[in-house]
Every structure is written in structure tokens, then in C-alpha cells.
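The values are calculated or read from the model by the stated rules, or taken from the named source; none is laboratory data. No experiment lies behind these values; they were computed from the predicted model shown. Surface areas here come from the heavy atoms of the whole protein model, side chains and all, with no ligands, DNA or RNA. Shrake-Rupley method; radii C 1.70, N 1.55, O 1.52, S 1.80 Å.
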Amino acid sequence: MPPRSLENGPAGKAAARLIVRARTARGYSQCQLAARVHALGRPMTATALSRIERTVRRCDIDDFVAIATALGASPYTLLASSPRDRGHAERAET
């Protein structure tokens, strides 16, 4: 039996949108943010970040925490930054 594909759900898609929004608001390119994440000890390439932002790759919790930290935000603050996206994430949990 082939492995089941792990697709992004509504919370993952909302997180990707929030990462893009926060990155662009701070004026970081994908290369710059990936380098900041890497400097924190979480190996990440610009390609990996691009795939996370486009929801081609799932963003695991370790990646999300490192990305939030590199953006100068707590993971909670980043997730709670948009009522619209927060609503999507809350509906995904129920």
C-alpha cells in the first residue's frame, strides 16, 4: 500500500498565508528569511520556505516555531495576527 499523501488542511493553509504576510510586512525576501531561520539552527533553504508558503510542503511545528522566531514574533502571536485566518484555524480544529 503506497503511503498516504499528507495534504495541508485549513490551518496549514492559514499558517502559510500568515508567514507570507509577516515576511513581506518585514521586508524580507524568502532567501533572507530562510537564512535567518537557518541561523537559528533550523536548516531551511529558500526553496523549502517557498514550498511552505505555496502549501506544496507542510510546515511542521518545528519549522513554524523557527520561522516565527526569525520573524521576531511568537508562534501564538503569528497565528493570532489575523481574525480571518484565525477563524479558519479554529474551524479546522473542530
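Quick look at the numbers
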read-out: Accessible area per residue in Å² at 1.4 Å probe, computed on segment 1-64; value: 65
read-out: Cα convex hull of segment 1-51 - mean projected area over all directions, nm²; value: 4.6
